[in-house]
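In what follows, a single structure is set out as structure tokens and then discussed.
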Amino acid sequence: MAFWGDAIDTMLKQIRRLSWPLYFGGLCLLSMSLKGDVRVSNNWPGTVWERDYATGEKQRVTALGPLMEQRWEAMGTAKTFRPILTEFENPTEETRESYFLYPLFGRKQSKYESRWNIFNLIKGNRKSSSQTDDELTIFPFYKSWRGDGPGGRKRALFPIVGRVDNFFWHDSISWFFFPLWLHSTKGDEDYYSMPWPFIRWRKGPKTGGVGIWPFMGHYWKKGSYDHKFALWFIMYVHRDHLERDVPTVKKGFLPFFASESSEKVESRTWCWPFFGYVHKKDPEYRETHYLWPLFVQGSGENERATNRWAPFYTHSTKHGVDKKWWLWPLLKKKHWKQDGLTIEQFQFLYFVIWGQRQYSERDPSFMAEKSHFWPIHSYWDNGAGKKQFQFFSPLEPFFQANQVVRTVYSPLFSLYRFTQEMPGHTRRSFLFNLITYEKSPVRTQFTLGPLLEIEASPSRQGFSLLNGAFGLSKESGKKTFKILWMRF
């Protein structure tokens with residue numbers, strides 16, 4: 001399927017040819033059109049530069065408000081022409097990620113392979129040593145991949161004919177005019193359906209069974225399992241782990257009765273699923289259900305417990321996680337320990353107010369914090385002096401772990417942003433950097449686009465107007481006037 005790989009390559013190259021020249025050309029033209037003092041970093045709506053407080057090295061440049069941006073980070077560079085094109089490049093690991101109108105199109109490249117996807121429904125990947133796509137998927141209709149051995153390429157066309165491996169917890173699944181014929185394998189067992197799901201049978205070593213769904217069925221494997229059902233899912237008897245001294249047995253005549261017994265679990269349910277109990281062993285835990293899932297009481301070893309009177313109040317502890325609900329889904333509080341940290345989390349209506357704090361067990365003075373008040377603001381504090389506050393923030397609570405969304409879309413809503421790289425070094429920006437205010441122990445700067453700049457430091461104080469066309473400064477005890485960029 002070289003066509004698909006070449007088509008994607010051609011499309012991405014054309015996008016980059018159109019977008020990046022516009023991006024970089026725009027930055028250059030906007031900067032050149034606003035001539036002035038090189039000290040002035042705010043040429044809004046042209047380029048606005050952010051530099052490291054200590055070294056003066058460039059960290060970020062934006063233009064046309066939030067539309068154009070490039071960042072220089074320890075792991076590489078990130079550049080975006082929002083919301084059209086975004087790229088992350090890591091020269092050390094030789095990787096590049098490109099996105100066009102995310103999540104419409106994405107591509108990840110390394111020295112070993114190149115993967116691309118269109119809305120996560122059409123996917124392909126190509127090895128660096130290959131001239132064709134190693135795999136192409138058009139979900140759920142088509143799949144093509146390079147097979148092992150002399151067979152060459154393999155293809156599957158759903159629902160007409162095909163076979164795929166390692167799919168939906170099966171070693172292989174094949175079909176012919178689905179649902180007319182379906183065949184799957186799992187280990188040494190073969191599962192057949194004709195048509196699916198109504199007539200099904202199994203074959204294999206010591207394996208057999210047949211079912212006419214939903215009326216009745218019986219499937220078995222000697223020494224492993226024995227499953228029977230009638231009027232699915234009303235009546236069933238499932239016996240699993242027959243090789244053990246105490247096998248797992250599940251029985252049910254729903255909705256009247258259901259039970260489960262094994263080496264570690266014993267449960268009974270009446271008027272399923274409302275009334276019953278669960279007894280788990282090793283570790284010991286007992287739970288009683290009254291109108292499940294509303295009223296549940298349980299207690300056991302390792303401080304595990306459940307006290308649920310939903311929707312009014314719920315308190316549960318499990319695997320070290322302490323969780324409480326009040327007037328579900330109104331208020332939720334969660335507490336647990338992980339990697340030497342004590343973590344507390346609070347939620348109001350799931351995402352409207354969301355906050356988390358982390359405390360170090362080794363350093364009592366350490367506290368990291370992250371909070372969201374949707375859609376008003378978001379706040380981050382890494383506990384090591386780095387902080388950030390953003391107003392307006394409608395996306396952050398939903399995509400906290402999605403770096404692409406945070407890079408492409410979140411800055412489009414950032415009317416005000418506060419950043420602290422380290423204690424005493426802060427930067428505030430309003431209206432996408434139209435107004436900025438930076439402060440450090442050795443320097444303070446205020447800018448109103450290219451109209452006004454006020455700067456104060458031990459070596460230099462002064463102000464300038466119209467991007468340095470007019471100004472007054474005092475540097476090393478010497479005063480300087482500027483008129484139309486000429487010094488007097």
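Search segment 335-378 for residues being charged (D, E, K, R), out of contact with any Asp or Glu (no Cβ under 7 Å at 6 or more places or on another chain) and modelled with pLDDT of 95 or more, and hand back the single one that is farthest from F392 (Cα to Cα). Full working, then the answer.
First, the residues of segment 335-378 that are charged (D, E, K, R): 337, 339, 344, 357, 361-363, 369-370.
Filter again for out of contact with any Asp or Glu (no Cβ under 7 Å at 6 or more places or on another chain), leaving 337, 339, 344, 361-363, 370.
Imposing the further condition that a residue be modelled with pLDDT of 95 or more reduces the set to 344, 370.
Values: E344: 25, K370: 16 Å.
Filtering segment 335-378 for residues that are charged (D, E, K, R), out of contact with any Asp or Glu (no Cβ under 7 Å at 6 or more places or on another chain) and modelled with pLDDT of 95 or more, the one farthest from F392 (Cα to Cα) comes out as E344.
On the given criteria, is K123 assigned by TED's automatic domain parsing to the domain that holds Y99, modelled with pLDDT under 90 and either within 27 Å of the chain's Cα centre (by Cα) or among the hydrophobic types (A, V, I, L, M, F, W, C) (or both)? Spell out how you get there, then give the answer.
Details: assigned by TED's automatic domain parsing to the domain that holds Y99: yes; modelled with pLDDT under 90: no; either within 27 Å of the chain's Cα centre (by Cα) or among the hydrophobic types (A, V, I, L, M, F, W, C) (or both): yes.
It is false that K123 is assigned by TED's automatic domain parsing to the domain that holds Y99, modelled with pLDDT under 90 and either within 27 Å of the chain's Cα centre (by Cα) or among the hydrophobic types (A, V, I, L, M, F, W, C) (or both).
When segment 377-392 is examined, which residues are found to be aromatic (F, W, Y) and outside any strand (DSSP E or B)? Break it down stepwise before answering.
Of all residues in segment 377-392, those aromatic (F, W, Y) come to 379-380, 389, 391-392.
F392, the sole residue that qualifies.
Just give me the residues in segment 368-389 being of a type in the set (A, V, I, L, M, F, W, C) and loosely packed, with under 15 Cβ neighbours inside 10 Å, in sequence order.
Step one: list which residues in segment 368-389 are of a type in the set (A, V, I, L, M, F, W, C), which gives 368, 373-374, 376, 380, 384, 389.
Passing the criteria: I376, A384.
Can L452 be described as free of Cβ contacts under 8 Å to residues at least 24 places away in the same chain, surrounded by 16 or more Cβ atoms within 10 Å (Cβ to Cβ) and either within 20 Å of N42 (Cβ to Cβ) or β-branched (V, I, T) (or both)? I'd like the intermediate steps shown before the answer.
Numbers: free of Cβ contacts under 8 Å to residues at least 24 places away in the same chain: yes; surrounded by 16 or more Cβ atoms within 10 Å (Cβ to Cβ): yes; either within 20 Å of N42 (Cβ to Cβ) or β-branched (V, I, T) (or both): yes.
Here the answer is yes, as L452 does meet what is asked.
Looking at (1) at pLDDT 85 or above; (2) among the hydroxyl-bearing types (S, T, Y); (3) part of a loop (DSSP other than H, G, I, E, B), can you tell me which one T185 breaks?
Against the list (1) at pLDDT 85 or above; (2) among the hydroxyl-bearing types (S, T, Y); (3) part of a loop (DSSP other than H, G, I, E, B), T185 comes up short only on (3).
With F463, F446, F399 as the choices, which residue is aromatic (F, W, Y), in a strand (DSSP E or B), out of contact with any His (no Cβ under 9 Å at 6 or more places or on another chain) and surrounded by fewer than 15 Cβ atoms within 10 Å (Cβ to Cβ)?
Working: F446 fails: surrounded by fewer than 15 Cβ atoms within 10 Å (Cβ to Cβ); F399 fails: in a strand (DSSP E or B).
None of the other options fit; the residue is F463.
Considering only residues that are assigned to a loop (DSSP other than H, G, I, E, B) and acidic (D, E), which ones fall in segment 276-324? Spell out the reasoning first.
Keep residues of segment 276-324 that are assigned to a loop (DSSP other than H, G, I, E, B), which gives 281-284, 291-294, 301-304, 310-312, 319-320.
Selection gives D282, E284, E301, E303.
The values are calculated or read from the model by the stated rules, or taken from the named source; none is laboratory data. If you're wondering where the values come from, they're calculated on a predicted model, not measured in any experiment. All Cβ positions, glycine included, derive from the backbone under ideal geometry; neighbour counts span all protein chains shown.
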